[in-house]
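Quick notes on the structure that follows.
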There are 2 protein chains.
Amino acid sequence: MNERARLERAMRTAIALSESARGWTSPNPPVGAVILDEKGVVAGQGATQPPGGPHAEVVALRHAGLRALGGTAVVTLEPCAHHGRTPPCADALVAAGVRAVHYAVADPGPVAGGGAKALHAAGVEAEGGLLAGEVEAGPLRAWLHYARTGRPHVTWKYAATLDGRAAAADGTSRWISCPESRTEVHAVRAKADAIVVGTGTVRADDPALTARTPGGHQADHQPLRVVVGTGTVPDGARVLDAVAPTAMLRTRDPDVVLAELAERGAVDVLLEGGPRLAGGFAAAGRIDRILAFVAPALLGAGPTALGDAGVSTITEAHRWAVEGVTMSGKDVRISAVPARAGEE
Amino acid sequence: MNERARLERAMRTAIALSESARGWTSPNPPVGAVILDEKGVVAGQGATQPPGGPHAEVVALRHAGLRALGGTAVVTLEPCAHHGRTPPCADALVAAGVRAVHYAVADPGPVAGGGAKALHAAGVEAEGGLLAGEVEAGPLRAWLHYARTGRPHVTWKYAATLDGRAAAADGTSRWISCPESRTEVHAVRAKADAIVVGTGTVRADDPALTARTPGGHQADHQPLRVVVGTGTVPDGARVLDAVAPTAMLRTRDPDVVLAELAERGAVDVLLEGGPRLAGGFAAAGRIDRILAFVAPALLGAGPTALGDAGVSTITEAHRWAVEGVTMSGKDVRISAVPARAGEE
């Protein structure tokens, strides 16, 4: 195997490690790292531990031990160069005697960035860009958005029929989407830091908003449940149970909600409803990704998934770009991101 | 090449011929036929000609001439055995000295069917089923529906945004879908026998309802334009121009509309709007296929593609099965057929 192929294979392992850490690391990035020894053989691997614990590089270096000497580190994010709750990873790599570092994405942060420069200064080769696209659209998507904008990344998830209804005329919606789609939603929740709904959804559907396994058990990681708006929430509402923490924010202003969530360390936020809340986020340009489960069903009446989004005529439509379409059981699963200027 | 592979290749050619005849043959089926000579080499091919003209087998036999003797006919539909406007194809195949006939789909009609029996009686091997699924879901789909039910096949085509809107709050809808999707709609129209809209759509959008080529010219085949309902149609409406014939039916009852269209020889009908008309057809179970172009855009307000379809609660939803999802330019193109009982 040539050098390039060896590095790409190591990076794919690092990406899988990165993905495995999602949900546990915020506000730190879920990073994955692989240490190759002098001969290019995997000597250690690691993922970011929960806040206060070691970063991915340090876990992988501990795993590699002396085999890191003269070896190569393959990391999904540029190693940090600052003293936070843990010492800089760049220093740890230098101290372990690593010869070269290949990372996917540069750290956009003014504080943690500069790791490549620090490595260079210590005589360690450091190069970015390896499988950068996969990492940016993959495990570090939310964190990179947060690092660049200061706002948590918002995924608007909804289920609707082919004709755009989120519920029937009488308000019933169980179940519009198929079991496979509902299972995926729980897996997405188990990776998110927070789930946001409006008081109206709590009153109408009384959702638990927990992440459950296909077997019906509570997932190991539960996102913060966030109920926004000024409506009342009944005392016995399921979101108030003890399974996961719940925050009540008496506002629907997307920027106020997101600032509050950032304050609480949330990086990856799932917006689940209802139409009025989603419309407000869309109008404010605060939806960063759409995850739609379109069920092959027709209702012909009932509420739509999205309410007023500040659009009155077709030229004002919010334009998106589809990044992926797959079948999810019987449903069509569509993932979309905002269309870039000029692509509309 | 073995016998089976040779027959399948010939059937794929016959399917392409079948498809090429769509739009020109109703109420006859658009059939494709290939004649292989004694050695299995293609000797002739043909497609159904417009009503009154020869059927596919006869065109292919004329093309093959004496080379049909001892050869094999490969046909998308069981050859007819009755005297209509033209003599029976089964007789023509026997007369040409064909040794065997392979067809995809049996003729379900009580009148034309029986071709295989007639061939057997004349000592010609006749076998059905070759690539039957491709033919049933492909060029003969509409005609087979018509032959089995007596009703034209209805494709409901619509374009909507991800959030299910067919137009913005002010009624503007040009353009929700991308150029590639609009081009496909014109190609679909050029294969249809009739396009149906309500008087409301004519008043709101003043559509031409013609089939145009990507270059902007009128397509060679124009479907019958059908305006249904009791509303008024302005004198200068574009559907009243001379480009294609237009029928006005003063009813919205799907079965009355379809009976009238069957009377006029229509087999393949395209239902284009608006929401009230589509809702009526959906409620009556008279939509046989959905062709949806979902644009990655959000509007948050405006009319939905489907109006009242007789559904008041989720358990009454009309359930469909997705048969294909592809990208059409920037849009998601979804084709769906009614879910069979037990599959819902």
Rounded to whole Å and sorted largest first, list the principal axis extents of the Cα atoms in the protein assembly as shown.
91, 62, 47
1.4 Å probe accessible area per residue over chain A, in Å²:
41
Based solely on its DSSP helices, what 222 nm [θ] is calculated for chain A when runs of n ≥ 4 H residues each add -39,500 (n - 2.57) and the sum is averaged over all residues, nearest 500 deg cm²/dmol?
-7500 deg cm²/dmol
Using a/c under 1.5 as the rounded threshold, could you call the range B:3-143 rounded, prolate or oblate? The axes a ≥ b ≥ c are square roots of the C-alpha gyration tensor eigenvalues, and prolate needs a/b larger than b/c, oblate otherwise.
rounded
Among beta bridges assigned by DSSP with both residues in the protein assembly as shown, the antiparallel ones amount in percent, to the nearest 5, to 45
Longer than 22 Å from Cα to Cα, which of A:LYS157/B:LYS157; B:LYS39/B:LYS117; A:LYS157/A:LYS191 are they? Say none if no pair is.
A:LYS157/B:LYS157; B:LYS39/B:LYS117
Order A:163-169, A:237-243 from most to least packed using the mean count of other Cβ atoms within 10 Å.
A:163-169, A:237-243
Rank-order B:85-91, A:244-250, A:300-306 by packing density, defined as the average count of other C-beta atoms within 10 Å over each peptide's residues, highest first.
A:300-306, B:85-91, A:244-250
Tell me the total accessible area that A and B bury against each other, 1.4 angstrom probe, in square angstrom rounded to 100.
3600
With +1 at each Lys and Arg Cβ and -1 at each Asp and Glu Cβ, the charge dipole magnitude of the range A:98-153 around its Cα centre, to the nearest 20 debye, comes out at 200
Tell me, how many Å apart are the Cα centres for the range A:283-344 and for the range A:201-262?
23
Rank A:LEU77, B:LEU69, B:THR326 by how far each Cα sits towards the positive end of the charge dipole of the protein assembly as shown (+1 on Lys, Arg Cβ; -1 on Asp, Glu Cβ) and give me just the farthest.
B:LEU69
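Order these peptides, A:313-325, B:52-64, B:206-218, A:70-82, by their mean beta-carbon neighbour count within 10 angstrom, highest first.
Packing proxy ranking, top to bottom: A:70-82, B:52-64, A:313-325, B:206-218.
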Taking every residue in A:164-177, how many Cβ atoms of other protein chains lie within 10 Å of its Cβ, on average?
4
Taking a ≥ b ≥ c as the square roots of the Cα gyration tensor eigenvalues, with a/c under 1.5 meaning rounded and otherwise prolate when a/b beats b/c or oblate if not, the range B:278-338 comes out oblate
Treating only the Cβ of Lys, Arg, Asp and Glu as charged (+1, +1, -1, -1), what charge dipole size does the protein assembly as shown show about its Cα centre? Round to the nearest 20 debye.
220
Looking only at Cα atoms, what is the convex hull volume of the range B:152-338 per residue, in Å³?
119
Per the C-alpha gyration tensor (a ≥ b ≥ c, the square roots of its eigenvalues), the range B:75-123 is rounded if a/c is under 1.5, else prolate if a/b beats b/c, else oblate; here it's oblate
Output needed: percent of Cα pairs per 20 Å distance bin for chain B, bins running from 0 to the one holding the longest distance.
29, 52, 19, 1
List the relative contact order of chain B as a percent without decimals, with contacts defined as Cα pairs under 8 Å and 6+ residues apart.
15
May I ask you to derive the FRET efficiency for B:ARG4 and B:MET327 from their Cβ-Cβ distance with R0 = 35 Å, giving the value to the nearest 0.05?
0.55
Note on chain A, DSSP bridge orientation, antiparallel percent to nearest 5 equals 45
Can you check what the net charge comes to around A:GLU19, using other residues whose Cβ is under 11 Å from the Cβ of A:GLU19 (Lys, Arg +1; Asp, Glu -1)?
+3
May I ask you to give the percent of accessible area on chain B that is carbon plus sulfur, with a probe radius of 1.4 Å?
52
Mean per-residue count of partner chain Cβ within 10 Å for B:153-163 equals 4
What size of dipole, in debye to the nearest 20, comes out for the range A:3-143 about its Cα centre when the only charges are +1 on Lys and Arg C-beta atoms and -1 on Asp and Glu C-beta atoms?
240
What aspartates and glutamates could a cross-link reach from B:LYS330, if we take a straight Cα to Cα line under 16 Å and drop same-chain neighbours fewer than 8 places away?
A:GLU323, A:GLU343, A:GLU344, B:ASP163, B:GLU180, B:GLU184
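From largest accessible area down, sort B:ASP253, B:ASP107, A:ASP308; use a 1.4 Å probe on the protein chains. Don't skip to the end; give the middle numbers.
Numbers: B:ASP253 70, B:ASP107 20, A:ASP308 110 Å².
Result, largest first: A:ASP308, B:ASP253, B:ASP107.
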Each label point is 7 Å from the Cα along the Cα-to-Cβ direction; what then is the distance between the points at A:GLU127 and B:THR313, in nm?
6.5
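The values are calculated or read from the model by the stated rules, or taken from the named source; none is laboratory data. The model shown is predicted, which means the values in this text are computed figures rather than measured ones. Every residue, glycine as well, gets a Cβ built from its backbone with ideal geometry; the counts of neighbours run over all protein chains shown. Accessible surface areas use protein heavy atoms only, side chains included; no ligands, DNA or RNA. Shrake-Rupley method; radii C 1.70, N 1.55, O 1.52, S 1.80 Å.
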